[in-house]
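Each remark here refers to the structure printed beneath this line.
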Amino acid sequence: MNFNRVVIKVGSALVAPDKNGCSGKYISAIAHFITKCHQANKEVILVSSGSVAAGRNFIRHGSPIPSIPTKQAMAAVGQMKMMDNWQRFFDVPCSQLLITHGDLKDRERYINIKNTLRILLANGIIPIVNENDTVATDELKVGDNDNLAALVALVSEADCLFILSDIDGVYNKDPRSNADAVMLPEIAEITDEIYAMAGTTNNPIATGGMKTKIQAAEKAVENGIDTYILNGTNSQ
């Protein structure tokens, strides 16, 4: 573990792999890794998607693609379910931080977030950050938790960022529809060509995709933060 402080972003596909409610199928292994980090005196901040997916079964909706207000209602009830799901895998307390990009752009709020994270980490508490989906209409439509994770890595002065999803990494073409797709084990420079390789998400409960992961990686590496896009379904 060649880092002292890491931000781990966990996507909806890992939090709610069956697309209906929270599950421990994948996050139990992620939680075990975080526990090992703590045992090695490494600090971990979680950025977790999944509140909309966690609340999906509690809000009536008649479309596979719910409206923004419906998603916000799902997030309002689902955030508690998601937090409960994480906490059950840890012996140490978890904390909840709901923020928006606007909070990080405002100097005073930025400092408040920075200080809160510092105190939580100093007390051995796991900060779990999520977009404040019930108020962040534009952010919810874009699905920006990947970029949010990069910004959290910046404000927390992390030295490493893990972006976990249900895919191994960046491919030269969409591996879901191209059997000959080749994964890029290392990207030395993020160019327009790299962005062109990014597709869109086919997951109805996810709002990001590879493009937002590349955007997040670009933000992080430009500030000296080692960034990895990893398959969170692989417990190894």
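For this structure, a couple of remarks:
- For the range 96-110, a residue qualifies if it is closer than 29 Å to Cys37 by Cα and either of a type outside the set (Ser, Thr, Tyr) or surrounded by fewer than 16 Cβ atoms within 10 Å (Cβ to Cβ) (or both), and the qualifying residues are Gln96, Leu97, Leu98, Ile99, His101, Asp103, Leu104, Arg109.
- Condition met for Gln87 (closer than 21 Å to Leu120 by Cα, surrounded by 13 or more Cβ atoms within 10 Å (Cβ to Cβ) and modelled with pLDDT of 95 or more): yes
- Residue-level check: of (1) exposed (fewer than 15 other Cβ atoms within 10 Å of the Cβ); (2) part of a helix (DSSP H, G or I), Ala31 misses just (1).
- Filter result for the condition that a residue is of a type in the set (Ser, Thr, Tyr) and closer than 25 Å to Lys213 by Cβ, over Ser63, Ser48, Ser67: Ser48
- Number of the exception - Asp180 against (1) at pLDDT 80 or above; (2) within 20 Å of the chain's Cα centre (by Cα); (3) charged (D, E, K, R): (2)
- If you go through the range 34-66 and keep only what is over 22 Å from Leu148 (Cα atoms), small (Gly, Ala, Ser) and either under 17 Å from the mean Cα position of the chain (by Cα) or open to solvent by 60 Å² or more (accessible area, probe 1.4 Å) (or both), you end up with just Gly62.
The values are calculated or read from the model by the stated rules, or taken from the named source; none is laboratory data. Owing to the predicted nature of the structure, the values given are computational and were not obtained by experimental measurement. Positions of Cβ are backbone-derived with ideal geometry, glycine not excepted, and every protein chain shown enters the neighbour counts. Heads up: the accessible areas ignore ligands, DNA and RNA and are worked out on the full protein's heavy atoms, side chains in. Shrake-Rupley method; radii C 1.70, N 1.55, O 1.52, S 1.80 Å.
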